[in-house]
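What follows is one structure encoded as structure tokens, with my remarks underneath.
The values are calculated or read from the model by the stated rules, or taken from the named source; none is laboratory data. As the structure is a prediction and not an experimental result, all values here were calculated from the model. As a convention, Cβ positions derive from the backbone with ideal geometry for all residues, glycine included, and neighbour counts pool all protein chains shown. What goes into the accessible areas is simple: the full protein's heavy atoms, side chains included, and nothing from ligands, DNA or RNA. Shrake-Rupley method; radii C 1.70, N 1.55, O 1.52, S 1.80 Å.
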Amino acid sequence: MKLFEYQAKEVFAEQGITVPRGVVADSPEAARQAARDVGVPCMVKAQLLRGGRGKLGLVKRAATADEAARLTADIMASSYGVRKVLVEACAHIAQEVYLSISMEPVSAKAMVMLCPSGGVEIEELARTAPEKILKGYIALEEGVSGRMLDKLLGAAGFSAPVEAQMRTLIERLYQTFRQYDAELAEINPVFVTPEETVVAGDGKLIIDDNSMFRQPRFEKTREHYASDMEFEAAKQGIPYIQFDGDISLMCAGAGLTTAVYDLINYEGGKVANYLEFGGPHYTKAETAMRICLENRSSVILIVTFGTIARADVIAEGVIKACEKLRPDRPLVTCIRGTNEEEAHAALKAAGLECLTDTEEAVRRAVAYAKEAKSR
Amino acid sequence: MSILFDNKTPVVVQGVTGKEGSYWTRHMRDLGTNVVAGVTPGKGGGEQDGIPVYDHAAEAVERHGAQASMIFVPPRFTKNAVFEALDAGIKLIVTIADGIPLHEMAEIRTRARSNGAMVIGGNTSGVISPGVAMMGCFPYWIGRVYKEGRVGVMTRSGSLTNEVTSMVVAAGYGVSTLAGVGGDSIPGTRFAELLPLYEADPGTDAVVIIGELGGTMEEEAAELMRKGAFTKPLVAFLGGRTAPAGVRMGHAGAIATGGKGSVKDKIEALESAGALVADRPSRVGVLLRQALGAGQ
């Protein structure tokens, strides 16, 4: 679960990390007041979970409180569904530094990444000039070691006062990373001011979804999803991703669903939604189909190859869902696995198209979608 | 032939009295696995389908010489169960739990490595050597998937494994050992750590990797080939070739981030190391035939 910047900064501040003075506002009027509270000039930052906000024009500088209100109105009227802005005091910036902590799976250690020349294009830099990103590793059972910090910061070329603050910052960020079961704790950028103080300019904290049961402080809300449907599916425990094509996937298993997604694209089709109703959700055919029907798709493609999730149970679920929901668009099924013979007999008896080859099923679905488009 | 374990390896099942644990333990035994004991804290002294049950894994090691542990406990208790097995001296552990906290998985991998042990999983169906033994939850009733043979399979997925392995079988081959390393971002054991076992196994002629976007496991396998540490034919099928960057496709580990983990990079790495990459499941069989000849 990714936290909003304002939430991450709230956590950072509690951990003793310096963040700019800031107030969250959910309306232009609130932003005007917030600007007065933090002082102008100030920054108005859209609270959005996607990256690249600056490039989208969703992070702006306001010279006056009125301007902060106006910018907030613009940002909230944009097509990105912004509901809150963070109004923040402007920092004076002498240097921008990239800092993050994530889990490195080979060593199974926490990895500190530090880039003294900033991190606007950190992913690009990781590809083209990886030597500019300094790395240090932390064994979870030992915690941050002075030696690692000496080596990491020694290579960064900071002045003595900045280096000392960076040490503390890394220690506190690691503490946050551990305490919040983070997948990623990132500050991009860390501001170094002309007065040589260190401030967290941004804040990103992603909590591991598998650890949410012991992180009760934050809960996923509608704001964490790009669409109503994604939120709805998540509440039902159904993995779902919204796309903008016309073929709804209703498949079982993450790997198989992803492979079907690729096959659709190879065949010139476009996916409307990724949806898994396999694994523990295999009895949820009706809910899954309802979600697919809410999409503006022209065909539903059902592909499963289950072992524990029995084919006959899945087929029965699909047939019942059809009886109840009376889908207004064609269905292509390719249901295999445990008890598949029974499944196929039942599907045929119910008059459903029943294929047994994934690639053939994909081609059929793509053909239906094309046919619908040409109508 | 098999890697990791065979039908003589004494196996203890942790969580043996649970619904899932007892069900799959019966299937493991039906498939040849030598289950010598079970563990459920608080149920020591009892029996489960004729298997003695103990409170602690150490008792299963002392009394029955258990060398491998199959863990059927919920994700939040997995770390303790794995540590218990490691502390008892067990060197091979398979855990199927889907949802192990990330930081705990890091601790599990660390402790296993410092003990010279191997933890396979989580978020996997486990490991099966058809006709020999099985640790996990694989059914034997799908003959067109779990057929004995000489092709090793390593996978990050469950359902996709059925799809791809059925193509291996349709092409006239069977499986030596199928090892599910799991779909999490930190698997206990990585592809490159299993490849040397397949290399050494006289019963394996080629290996199929079922991978996907995210992480660097496929690249590490390619690196091993480049270094000459794996010399048998390798065929890969990778899911998520057309997935948009930054989108997590189902599995926790299936996301390209930080400039790493795209399928494009993986294909380049594998192909330049001499592996054959199938763009769709049905091509896996064709490429295997190309690599091995039809005469197997």
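Model label points for B:E268 and A:D66, set 7 angstrom from Cα along the Cα-to-Cβ axis, are 5.3 nm apart.
Remark: accessible area buried at the B-A interface is about 4100 Å², both chains counted, probe radius 1.4 Å. Ordered from largest to smallest accessible area (heavy atoms of protein chains, 1.4 Å probe), the residues A:K60, B:K260, B:K79 come out as B:K260, A:K60, B:K79.
For A:K270, the lysines whose Cα comes closer than 16 Å to its Cα, not counting residues fewer than 8 places off in the same chain, are A:K370, A:K373. Within the listed set A:A349, A:A185, A:A73, the Gaussian network model of chain A (springs between alpha-carbon atoms below 10 Å) gives the highest mean-square fluctuation for A:A349. The apolar share of the surface of the protein assembly as shown, taken as the fraction of accessible area on carbon and sulfur atoms (1.4 Å probe, ligands and nucleic acids excluded), comes to 49 percent. In the context of the full set of protein chains, residues of region A:95-214 present 42 Å² of accessible surface per residue (probe radius 1.4 Å, heavy atoms only).
With the solvent-accessible surface defined on protein heavy atoms using a 1.4 Å probe, which residues belonging to region B:160-187 display a reduction of at least 30 Å² in accessible area in the multichain context relative to the isolated chain? Buried on complex formation: B:L160, B:N162, B:E163, B:I186. Comparing B:H103, B:H27, B:H56 in a Gaussian network model of chain B where C-alpha atoms under 10 Å apart are linked, the largest mean-square fluctuation is found at B:H103. Straight-line cross-link reach from B:K227 at under 17 Å between alpha-carbon atoms covers these aspartates and glutamates, not counting any fewer than eight positions away in the same chain: B:E193, B:E199, B:E218, B:E219, B:E268, B:E271. Measuring heavy-atom accessible area with a 1.4 angstrom probe and counting protein chains only, the residues of region A:279-325 that give up at least 20 Å² relative to the chain alone are A:F305, A:T307, A:I308.
With 22 Å as the limit on Cα-Cα distance, the pairs of A:K220/B:K19; A:K109/A:K204; A:K84/A:K204; B:K79/B:K266; A:K9/A:K109; A:K324/A:K348 that go past it are A:K220/B:K19; B:K79/B:K266; A:K9/A:K109. The packing ranking of peptides A:230-242, B:176-188, B:280-292, highest mean first, is B:176-188, B:280-292, A:230-242, where packing means the average number of other beta carbon atoms within 10 angstrom of each residue. Rolling a 1.4 Å probe across the protein heavy atoms gives region A:21-89 an accessible surface of 48 Å² per residue.
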